[in-house]
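Comments concern the structure below.
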Amino acid sequence: MHTFLLALSLVAPAPAPFYEGDDPPIAKALQLEDKQLTSILTNQLKTRNVTVKNVLSGATDIAGMTHLERAALLAAASSQPGNENDMMLEADGQFTPVETRWDGDVISFRIGAPKKSLYGEGPSAAELQTKYGVGPFVEAGSKWTKEMLWLVDAALATLAKDELAGVAGLPFHIMEKDPSNKAVRGRSVAMYRQEPTGTQIELYALALESDKRKFVGSVDHPVPNSVSMLVHELAHAISRKTHRDAQAAYAPQKAAYDALAAKAVEMQKAASARLDEYRKTKDEALKKAVDEDNAALKKMQQELNTASKNMAALGAAQRQGGAQPSPVEKAFLAKLPLPKSPTAYGRTLPGESFAECFRLAKLDPAALERAAPGIPAFFASAEYKEAIAAPLK
Ligand SMILES: [Zn+2]
């Protein structure tokens, strides 16, 4: 029994596959002088105890590989075991997509065709509004260029009709960078911002920087990283529609309660005056009015109780808006526990796990299936469709 357990513990568990969401240290690797790159990569592969393989050519010897391929492999081998990494490599004015997969003790890779440009030409802002039913395109410190509009078009084009309902009317703001300054090398690409004063989707011009290092999808159809980050933010907008609805319903309920409360104060005043008068005069006609006042006040109290209850329920939903998971986030969490989310960022919060899986389901379902088996099917399920339309409770 003892020896059996010992033997088991000597076998290291295979690292769970995950999708690398963070930037690969690719620029640094590319800048290395060729000899130095080869020597660092050789050491790194030895330390991590892995070999490499070009999936298309079958090549396994790094001596015969290009500088670009070796740079990608160094970035992959410097990351955590088990990762799948979709990297964009910039060299000689061209962009080459490389996908690496660390499976067991082999890092396999695929390389795509180099491209001169990462973007196409997008429709106009007015065309986007009509096409998707989203709000206006606001310039808040930066310009909506054709490229930026192309990014938004590519992101919105991934949404199904009932998902578009979750972004209906929302304005898009183009800004130079993340105003909360969390951006590291352009990592913060976009933001779903929900404030009591209004909701907007922000896109940062710095976003283009991250596209030079990372893509999502396959090497044959690489999608710029910023598109996938924007799809992540659209996922927040869709899952948080429930909170926006609760917020919108709260204001009229509160106004109704306030009006009722003001009326109750007036009624109370008038009733008190009549009661005082009756105590002085003992007038029988006044007694009848006092009795009627009491009945009316009792009825008013009941109305106030109901209005207060309605308002409190919506108010609680609204106040907890930031922390409380939405119905779809709850349903999703039941399918995929937080520690099993496919990216490191996805493991921080239920909402982030949902958004990370959403973007991969839309743009790289095969990668999502590898890192979180069975999860792409959730986004095609009736349960998912119902959950995104369910109200906040
Ligand atoms: Zn997020």
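Worth pointing out:
- Members of the range 365-385 that are out of contact with any Cys (no Cβ under 7 Å at 6 or more places or on another chain), in contact (Cβ under 8 Å) with a residue 40 or more places away in the chain and under 20 Å from Trp102 (Cβ atoms): Ala366, Ala367, Arg370, Ala371
Table: residues versus (1) assigned to a helix (DSSP H, G or I); (2) within 16 Å of the ligand (Cβ to nearest atom); (3) closer than 29 Å to Ala91 by Cβ; (4) modelled with pLDDT of 90 or more.
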site: Lys131; (1), (2), (3), (4): yes, no, no, yes
site: Gly141; (1), (2), (3), (4): no, no, no, yes
site: Leu149; (1), (2), (3), (4): yes, no, yes, yes
site: Leu159; (1), (2), (3), (4): no, no, no, yes
site: Gly169; (1), (2), (3), (4): no, no, no, yes
site: His173; (1), (2), (3), (4): no, no, no, yes
site: Lys177; (1), (2), (3), (4): no, no, yes, no
site: Arg185; (1), (2), (3), (4): no, no, yes, no
site: Arg193; (1), (2), (3), (4): no, yes, no, yes
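A quick yes/no check of all residues on (1) within 27 Å of Arg101 (Cβ to Cβ); (2) among the small types (Gly, Ala, Ser):
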{"position": "Glu303", "(1), (2)": "no, no"}
{"position": "Leu314", "(1), (2)": "no, no"}
{"position": "Gln324", "(1), (2)": "no, no"}
{"position": "Ala334", "(1), (2)": "no, yes"}
{"position": "Gly346", "(1), (2)": "yes, yes"}
{"position": "Phe354", "(1), (2)": "yes, no"}
{"position": "Ala361", "(1), (2)": "yes, yes"}
{"position": "Ala390", "(1), (2)": "no, yes"}
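- Criterion: more than 16 Å from the ligand (Cβ to nearest atom) and under 16 Å from His243 (Cα atoms) - qualifying residue of Lys385, Lys335, Lys340, Lys393: Lys393
- Against the test of being touching a residue at least 60 places away in the same chain (Cβ under 8 Å) and either within 26 Å of Ala371 (Cα to Cα) or of a type outside the set (D, E, K, R) (or both), the options Ser226, Ser180, Ser188 yield a single qualifying residue, Ser226.
- Counting only helices (runs of 4 or more DSSP H) that fall entirely inside the range 340-393 and contain at least 1 residues that are β-branched (Val, Ile, Thr) and outside the structural domain of Ser228 (by TED's automatic domain parsing), the qualifying elements are 375-378, 382-389.
- Residue within the range 204-214 that is exposed (fewer than 14 other Cβ atoms within 10 Å of the Cβ) and either more than 16 Å from the ligand (Cβ to nearest atom) or not assigned by TED's automatic domain parsing to the domain that holds Ala248 (or both) present: no
- Among the conditions (1) surrounded by fewer than 16 Cβ atoms within 10 Å (Cβ to Cβ); (2) in contact with a helix residue (DSSP H, G or I) (Cβ under 8 Å, 6 or more places away or on another chain); (3) of a type outside the set (Val, Ile, Thr), the only one that Ala235 does not satisfy is (1).
- Per-region count, the range 125-152, residues closer than 14 Å to Ile174 by Cα and either of a type outside the set (D, E, K, R) or touching a Leu at 6+ places or on another chain (Cβ under 7 Å) (or both): 15
- Scanning the range 102-132 for residues that are over 30 Å from Leu74 (Cα atoms) and surrounded by 15 or more Cβ atoms within 10 Å (Cβ to Cβ) gives Gly122, Pro123, Ala125, Leu128, Gln129, Tyr132.
The values are calculated or read from the model by the stated rules, or taken from the named source; none is laboratory data. Computed from a predicted structure; not experimentally measured. Every residue, glycine as well, gets a Cβ built from its backbone with ideal geometry; the counts of neighbours run over all protein chains shown.
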